[in-house]
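Working notes, beginning with the structure itself.
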Amino acid sequence: MEIYSKLEGFKLDVLKEVGNIGAGHAATALSQLLNKPIDMAVPKVQLLPFEDIAEKVGGAEKIVLTVFFRVEGDAPGNLFYIMAPEAGKSLLRRLGAFVPTEGLELSEMEQSALGEIGNILAGSYLSSLADFTNLAMSPTVPALALDMAGAILSYGMIQFGEMGDAALLIDTTFVQGNDEVEGQFFLIPDPESFNKIFTALGVPFDND
């Protein structure tokens with residue numbers, strides 16, 4: 001894929017820094033919201049092809065909990081915060097917002113809380129990326145889905161047309177004592193946005 005040949009030899013230090021700063025902002029915002037210390041592990045950052053996303057979260061038929069955003073601004077795209085349903089329930093429990101209901105289904109309060117957590121994370125990571133690129137980017141109101149990973153990704157393509165062919169993955173881990181709750185952010189810039197973002201980060205792209 002052309003994007004990877006262009007990035008071969010370009011270290012992902014800048015993207016890792018975007019993840020680190022974004023995680024720091026998110027932890028601070030969540031700590032203020034919940035009035036308790038919230039820690040986040042140093043995130044792992046990588047680039048991968050769009051078609052590998054479903055496999056990365058356990059396969060196309062894996063049931064996942066997803067907070068979805070459309071990214072608006074200078075570099076529009078799509079943003080998915082994906083985790084196992086059990087991880088979503090565990091996250092609510094460990095953050096101490098309230099006691100979650102049993103089973104996989106989510107109450108309105110749980111959906112609202114997870115949407116707010118996703119909103120804080122998305123805003124933090126996009127703000128960090130915007131600081132590095134000088135491109136304005138902001139998330140829309142979040143939408144929540146509990147479905148197979150393949151179905152959720154297909155829905156995003158139907159809603160917003162052809163997605164970019166590469167994604168930026170940020171592994172996000174909340175830490176409380178010896179316990180960890182993992183989730184994954186996938187930023188999928190629109191085709192024209194990907195070139196714009198990486199050109200701003202110092203990776204030259206041709207127009208052909």
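Given a 1.4 Å probe and the protein chains all in place, what does the accessible area of ILE197 round to, in Å² to the nearest 10?
About 10 Å², ignoring ligands and nucleic acids.
Computing the accessible area with a 1.4 Å probe over protein heavy atoms, can you report the carbon and sulfur percentage for the range 1-201?
Numbers: 4880 of 9590 Å².
Ligands and nucleic acids excluded, carbon and sulfur give 51 percent.
Considering only protein heavy atoms, what per residue accessible area in square angstrom results for the range 1-201 with a 1.4 angstrom probe? Write down the numbers at each step before the final one.
Numbers: 9590 Å² over 201 residues.
With the other protein chains kept in place, the range 1-201 gives 48 Å² per residue.
Using every Cα-Cα pair within the range 1-201, state what percent have a distance larger than 22 Å.
So the pairs more than 22 Å apart make up 45 percent of the total in the range 1-201.
Treat each spin label as a single point 7 Å out from the Cα along the C-beta direction, and report the GLU108 to SER138 distance in nm.
For GLU108 paired with SER138, the spin-label model returns 2.7 nm.
Using 1/(1 + (r/R0)^6) with R0 = 25 angstrom and r between the beta carbons of ALA200 and LEU48, what's the FRET efficiency to the nearest 0.05?
0.75
Suppose accessible area is computed on protein heavy atoms with a 1.4 Å probe; arrange ARG93, ARG70 from highest to lowest.
Solvent-accessible surface, decreasing: ARG93, ARG70.
The values are calculated or read from the model by the stated rules, or taken from the named source; none is laboratory data. Given the structure is predicted, the values throughout are model-derived calculations rather than measurements. Glycine also receives a Cβ, built like all others from the backbone with ideal geometry; neighbour counts cover every protein chain displayed. With ligands, DNA and RNA removed, areas are computed over all heavy atoms of the protein, side chains included. Shrake-Rupley method; radii C 1.70, N 1.55, O 1.52, S 1.80 Å.
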